[in-house]
Amino acid sequence: MTELSDTALVQLRGVRKHFGSLEVLKGISMDVQAGEVSVLLGPSGSGKSTLLRCINHLETIDGGRITVDGEVVGYRDHGDRLREMHPREVAKQRRSIGMVFQRFNLFPHKTAIENIIEAPMVVSRLSRSDAIAEARQLLRRVGLEAWADHYPSQLSGGQQQRIAIARALAMKPKLMLFDEPTSALDPELVGEVLDVMKELAHEGMTMIVVTHEIGFAREVADQVVFMDGGVVVESGAPVDLIDNPQHARTQGFLHSVL
Ligand code: ADP
Ligand code: MG
């Protein structure tokens, strides 16, 4: 199991979440170091999406603590007391975390570049010309400069997902969360999205990636975390967790996806 530290950019300690009587996260502890990539693996229903959603304020947690860059997510730290944050502070925290979902979630009535400049203009109050200049750089980064004025419906799923990544990056996040970003794509489009993510990893972005792409995990992950039934079963470097899993549940899961 990867050891926990108090210097990690993202720290989860005993995180619990239930929906009604269903306990989905049963005390999750893990770290993500700044500049590192953690890949979350686990069968459907194991709580991976819920965990990402808790980090990004899309769900509130019922127990434990999440900190990102020293700030408690959703709460203000008063020593031993936690106070709920003002919605404005929550919004500020959320802006520093980018998220990319399985479905591309682009605004369908906006072009690629309009999708990217929306949040910088509305939320960060960037001027339109500055936002466009930055968006063009981002489009270049994801290899889609020529597609700036196309609408989502005119783009392939892989292109849409690359725009979704560019849109998240436009807010200059310190952390990027990816929830099965390639699982809705036709197989021939998976590689172009993974390539953008690899590039991002090499540039030093801190990332938590839920994916079944074991090759990506092996190549890019600093840490692989295997979850099942709302707990972390084991975690470690790819060479250990993927090639030499210790638990039968991990072995069984890897068999099913490899
Ligand atoms: P994973 O992403 O690993 O497939 P999820 O985090 O999506 O798992 O879901 C874990 C469990 O929590 C599943 O049993 C799912 O049905 C349940 N769940 C997720 N979101 C909700 C919700 N909003 N209300 C009730 N149950 C939910
Ligand atoms: Mg999920």
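Data for the structure
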{"quantity": "In the range 101-126, the residues that are among the small types (Gly, Ala, Ser) and either within 23 Å of ARG53 (Cα to Cα) or modelled with pLDDT under 95 (or both)", "calculated": "ALA119, SER124"}
{"quantity": "Matching option when the condition is at negative phi and open to solvent by 30 Å² or more (accessible area, probe 1.4 Å), among LEU4, LEU12", "calculated": "LEU4"}
{"quantity": "Set GLU199, GLU180: member being in contact (Cβ under 8 Å) with a residue 40 or more places away in the chain and open to solvent by less than 60 Å² (accessible area, probe 1.4 Å)", "calculated": "GLU180"}
{"quantity": "Verdict on ARG94 being basic (Lys, Arg), crowded, with 16+ Cβ neighbours inside 10 Å and either in contact with a strand residue (DSSP E or B) (Cβ under 6 Å, 6 or more places away or on another chain) or at pLDDT below 95 (or both)", "calculated": "yes"}
{"quantity": "Odd one out for ASP77 among (1) surrounded by 15 or more Cβ atoms within 10 Å (Cβ to Cβ); (2) without any contact (Cβ under 8 Å) to a residue 24 or more places away in the chain", "calculated": "(1)"}
{"quantity": "Residue tally, condition open to solvent by 20 Å² or more (accessible area, probe 1.4 Å), within 13 Å of ligand 1 (Cβ to nearest atom) and touching a helix residue (DSSP H, G or I) at 6+ places or on another chain (Cβ under 9 Å), over the range 29-60", "calculated": "4"}
{"quantity": "Sole exception among (1) over 22 Å from SER5 (Cβ atoms); (2) out of contact with any Gly (no Cβ under 9 Å at 6 or more places or on another chain); (3) open to solvent by 60 Å² or more (accessible area, probe 1.4 Å); (4) away from ligand 2 (no atom under 16 Å from the Cβ) for GLU84, by number", "calculated": "(2)"}
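The values are calculated or read from the model by the stated rules, or taken from the named source; none is laboratory data. Bear in mind that the values here come from a model prediction, so they are computed numbers and not experimental data. All Cβ positions, glycine included, derive from the backbone under ideal geometry; neighbour counts span all protein chains shown. For the accessible areas, the whole protein counts, side chains as well, though only heavy atoms, and no ligand, DNA or RNA atoms are used. Shrake-Rupley method; radii C 1.70, N 1.55, O 1.52, S 1.80 Å.
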